[in-house]
Structures are given as C-alpha cells and as structure tokens.
Amino acid sequence: QVDLVESGGGLVQPGGSLRLSCAASGTIFSINVMAWYRQAPGKERELVASILTNSDSKYYTDSVKGRFTISRDNANNTMYLQMNRLTPEDTAVYYCKAAGGLVYYWGRGTLVTVSS
C-alpha cells in the first residue's frame, strides 16, 4: 500500500508560479513511475507529467512543456511539480499518481486556481 498526499495548491494570478508536492509513504520500493494528473471542471482527468523513479526520464503533455518541471527527491519520497507562467487554463485539481506493475495509487488532489 502506498499513500500519497499532495500539497501546494492555491490561488495564483495569471503569469504566476506554484510548486506542488506529493509525499509518498508505504511500500515505496514497489513504485517505478510517478505522475501528475489534473482535472478541470467539466473535463476528463489528463496526464500532465510523469517521471521514472530510477532514471531521469520525464514526460510532459504539450500544453505544459517549457512551463512545468517535474522532479523527485527519492531520499524524502517526494515528487514535485514546479509550475511557471500559469494561465487560467491550468486551473484544475491536480492529482499525484504512483504506479508499479499493475498496481497504482492516487492522492486526493490539490486545487490550483489561476485567476486575477
């Protein structure tokens, strides 16, 4: 079992920045990929970025390339999402996901609102 807790969401003005954190606990050794997803009101949940736990391989969806950076701190079992140049279209609940083999876990999400 892996527990994931997101933090760092909030209200930010367009053009601003936020850093999300995802703290993992439990059977961390079973995880080989971690990811950030988001779900905007009335839309399906979408993959934002992912990172392998044993390499620097990263993936970003096109809409966030050049603005968001995913990273991890294995020593502290924490994953981050640095979000810069935020736009209202980035408004969503952001979820952390951890996967290993056929098993995956979700956090409860943290709300990011980009508005003036």
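The values are calculated or read from the model by the stated rules, or taken from the named source; none is laboratory data. Predicted model only: the values in this text are computed from it and were never measured. Note that each Cβ is placed from the backbone with ideal geometry, even for glycine, and that neighbours are counted across all protein chains shown. Accessible surface is based on the protein model in full, side chains and every heavy atom, while ligands, DNA and RNA are left aside. Shrake-Rupley method; radii C 1.70, N 1.55, O 1.52, S 1.80 Å.
Among the criteria (1) under 18 Å from Arg38 (Cα atoms); (2) acidic (Asp, Glu); (3) surrounded by 11 or more Cβ atoms within 10 Å (Cβ to Cβ), the one Asp62 does not fulfil is (3).
Applying the set (1) in contact with a helix residue (DSSP H, G or I) (Cβ under 7 Å, 6 or more places away or on another chain); (2) at pLDDT 95 or above to Ala23 leaves exactly one unmet item: (1).
For region 19-56, the set of residues classified as of a type outside the set (A, V, I, L, M, F, W, C), farther than 14 Å from Asn74 by Cα and in contact with a strand residue (DSSP E or B) (Cβ under 7 Å, 6 or more places away or on another chain) consists of Arg19, Tyr37, Arg38, Gln39, Arg45, Glu46, Ser50, listed by residue number.
Taking the options Ser50, Ser55, Ser71, name whichever one is surrounded by fewer than 10 Cβ atoms within 10 Å (Cβ to Cβ) and without any contact (Cβ under 8 Å) to a residue 40 or more places away in the chain. Don't jump to the end; show me each part of the working.
On the way: Ser50 fails: surrounded by fewer than 10 Cβ atoms within 10 Å (Cβ to Cβ); Ser71 fails: surrounded by fewer than 10 Cβ atoms within 10 Å (Cβ to Cβ).
Ser55 is the lone residue from the list that is surrounded by fewer than 10 Cβ atoms within 10 Å (Cβ to Cβ) and without any contact (Cβ under 8 Å) to a residue 40 or more places away in the chain.
Okay, residues lined up against (1) touching a residue at least 40 places away in the same chain (Cβ under 8 Å); (2) over 15 Å from Trp36 (Cα atoms); (3) open to solvent by less than 30 Å² (accessible area, probe 1.4 Å); (4) more than 12 Å from the chain's Cα centre (by Cα):
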| site | (1), (2), (3), (4) |
| --- | --- |
| Ala75 | no, yes, no, yes |
| Thr78 | yes, no, yes, no |
| Met83 | yes, no, yes, no |
| Leu86 | yes, yes, yes, yes |
| Tyr94 | yes, no, yes, no |
| Trp106 | yes, no, no, no |
| Leu111 | yes, no, no, no |
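Among the residues making up region 18-47, those that are under 20 Å from Val112 (Cα atoms) and open to solvent by 60 Å² or more (accessible area, probe 1.4 Å) are Arg19, Gln39, Pro41, Gly42, Lys43, Glu44, Arg45, Glu46.
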